[in-house]
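The values are calculated or read from the model by the stated rules, or taken from the named source; none is laboratory data. Quick caveat: nothing in here was measured; it's all calculated off a predicted structure. Methodologically, a virtual Cβ is constructed for each residue, glycine included, from the backbone with ideal geometry; neighbour enumeration extends over all protein chains shown.
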Amino acid sequence: MLNPELKGKPVAVGGRPDRRGVVATASYEARAFGLHSGMPLVTAARLCPEAIFIEGNFARYREFSRKFMAILNDFSPFIEPAGIDEAFLDVTGFESIHDTIRQMAAAIKGRIRSELGLCASIGIASCKVVAKVASDLSKPDGLIEVVPGEERDFLAPLPVEKLPGVGKQAVKIMKSLGVHTIGGLSRTPSHTLKSRLGTAGEMLHRLANGIDNRKVLPPGEAKSISRETTFGEDTRDRVFLEATLWAQSEKVGADLREKGKQARCVTLKVRYADFSTITRSHTLRENVGTDQTIFETGVKLLEQSLTMEIQAVRLIGIGVSQLVEPSRQATLFTPSSRKLEELNKTIDRIRNRYGFGAIQTGRAIRLKDISTQS
């Protein structure tokens, strides 16, 4: 634990509440007041005046995530990360080492607490969807085991929104059908769900019945890298939007270099105040590997997108795809690209050691009062 003094207190990560930004995450004590990820900081402060607001430290989060995954790997090599602090672990064949799976889970929790100073919630089940639900229900610091054959009964009484894959729109449709629990979803004819939700309806019907044949798969090589930011308030400020794009481009570029890759395609994502969302992509003639080229391509796509729209922007994001090995050919975009690459790498090294905020480039000055989410 980085700051023991915060234990048991309502804490929100995302920055100061008097600045523009949103909550990245919140402690359970803060969540009791209604705070949640994506909430404007000013709203969070109003709901919980006694909350402690702190800046994020993504370099430390990645460090703890790496150590967390290493602990899991000591129990089974079959790991499928589901986020920076969550993973599926297939322990088939390894349970006898710890007598029972439950004892293995307790040992995992003990390692995480003693080595990282963190609590962990674990769900044990015969399939991924039930394990995920069990883990969520056991938070914080709990352990729930669902015996094989009891998956359907375990899920049945829970609200339908507790089932992974059920979003807000799906909840509206299900409630229009009189479906309020996962059990009700499991009893709804599959063809009815398909007619209202498409093929996703069939999948949700299977999951509601505790049927999930998906395997635990190790992470494959990334096919794309992206960052996006949801603003606390909708904006038409193009300078601010470009500043956000620049900060995102720096992070995307850093991830590219960390993976030893370059990209051929840049994609811009814009969500407007009415929640309509557009994406615009541009395939480059040469591989892209510098923050500057990612940004310049994104800005051109932004200019094309905003000329036809007058709505305020709620979310903006940029990403790269078609990842390839770095090209050693001279780029067509700028004769100083090699110097830019070396500059980017130097900045990467400083930020990896001292945190992303250790160096703030000129274009991102407009963001000094907000926290850019990823």
remark   = residue 134 fails exactly one of (1) surrounded by fewer than 18 Cβ atoms within 10 Å (Cβ to Cβ); (2) at pLDDT 95 or above, namely (1)
note = Restricted to the stretch 24-36 and to residues being among the aliphatic types (A, V, I, L, M) and without any contact (Cβ under 8 Å) to a residue 60 or more places away in the chain, the residue farthest from residue 138 (Cα to Cα) is 35
note = When the stretch 59-112 is checked residue by residue, the ones that are over 26 Å from residue 349 (Cα atoms) and basic (Lys, Arg) are 102, 109, 111
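Okay, residues lined up against (1) in contact with a Gly (Cβ under 6 Å, 6 or more places away or on another chain); (2) without any contact (Cβ under 8 Å) to a residue 40 or more places away in the chain:
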| position | (1), (2) |
| --- | --- |
| 10 | no, no |
| 13 | yes, no |
| 22 | yes, no |
| 38 | no, no |
| 59 | yes, no |
| 80 | no, no |
| 92 | no, yes |
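Take residue 201 and tell me if it is of a type in the set (Gly, Ala, Ser), outside any loop (DSSP other than H, G, I, E, B), over 30 Å from residue 254 (Cβ atoms) and touching a Pro at 6+ places or on another chain (Cβ under 7 Å). Before the answer, list the steps.
On the way: of a type in the set (Gly, Ala, Ser): yes; outside any loop (DSSP other than H, G, I, E, B): yes; over 30 Å from residue 254 (Cβ atoms): yes; touching a Pro at 6+ places or on another chain (Cβ under 7 Å): no.
It is false that residue 201 is of a type in the set (Gly, Ala, Ser), outside any loop (DSSP other than H, G, I, E, B), over 30 Å from residue 254 (Cβ atoms) and touching a Pro at 6+ places or on another chain (Cβ under 7 Å).
Take the stretch 205-222 and flag every residue that is assigned to a helix (DSSP H, G or I) and in contact with a helix residue (DSSP H, G or I) (Cβ under 6 Å, 6 or more places away or on another chain).
Step one: of the stretch 205-222, the residues assigned to a helix (DSSP H, G or I) are 205-208.
Scanning the stretch 205-222 gives 205, 207, 208.
Keeping to the stretch 112-131, report how many residues are part of a helix (DSSP H, G or I) and either surrounded by fewer than 17 Cβ atoms within 10 Å (Cβ to Cβ) or modelled with pLDDT under 95 (or both).
Looking only at the stretch 112-131, we keep the residues that are part of a helix (DSSP H, G or I), and these are 112-116, 128-131.
Okay, now just the ones that are also either surrounded by fewer than 17 Cβ atoms within 10 Å (Cβ to Cβ) or modelled with pLDDT under 95 (or both), so 113-116.
Residues that pass the stated criteria total 4.
Among the candidates 140, 148, single out the residue that is part of a loop (DSSP other than H, G, I, E, B) and out of contact with any helix residue (DSSP H, G or I) (no Cβ under 9 Å at 6 or more places or on another chain). Give the derivation first.
Numbers: 140 fails: out of contact with any helix residue (DSSP H, G or I) (no Cβ under 9 Å at 6 or more places or on another chain).
Sole residue among the options that is part of a loop (DSSP other than H, G, I, E, B) and out of contact with any helix residue (DSSP H, G or I) (no Cβ under 9 Å at 6 or more places or on another chain): 148.
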ask   = Checking residue 227 against (1) surrounded by 18 or more Cβ atoms within 10 Å (Cβ to Cβ); (2) closer than 30 Å to residue 148 by Cβ, which single condition isn't satisfied?
value = (2)
Pair list, Cβ under 6 Å, 6 or more apart: the stretch 190-213 residue closer than 22 Å to residue 148 by Cα, other residue of a type in the set (Lys, Arg) = 209/152; 210/152; 212/128
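Give the stretch 198-212 a look and list any residue that's at pLDDT below 90 and over 24 Å from the mean Cα position of the chain (by Cα), or say none.
Selection gives 198, 199.
Quick one: count up the residues across the stretch 248-300 that are part of a loop (DSSP other than H, G, I, E, B), touching a residue at least 40 places away in the same chain (Cβ under 8 Å) and of a type in the set (A, V, I, L, M, F, W, C).
Our first condition is that a residue be part of a loop (DSSP other than H, G, I, E, B); within the stretch 248-300, this holds for 259-261, 273-276, 289-290.
Among the residues that remain, those that are also touching a residue at least 40 places away in the same chain (Cβ under 8 Å) are: 259-261, 273, 289-290.
Subsequent filtering for residues that are of a type in the set (A, V, I, L, M, F, W, C) retains 273.
Adding up the residues that qualify gives 1.
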First in the stretch 96-107 and closer than 16 Å to residue 120 by Cα, second anywhere and loosely packed, with under 14 Cβ neighbours inside 10 Å, Cβ under 9 Å, 6 or more apart = 104/97
inquiry  = Considering only residues that are surrounded by 13 or more Cβ atoms within 10 Å (Cβ to Cβ) and either modelled with pLDDT under 90 or among the small types (Gly, Ala, Ser) (or both), which ones fall in the stretch 279-289?
reply    = 281, 284, 286, 287, 288, 289
query = What tally of residues in the stretch 5-25 results from selecting those that are more than 11 Å from residue 56 (Cα to Cα) and crowded, with 18+ Cβ neighbours inside 10 Å?
reply = 6
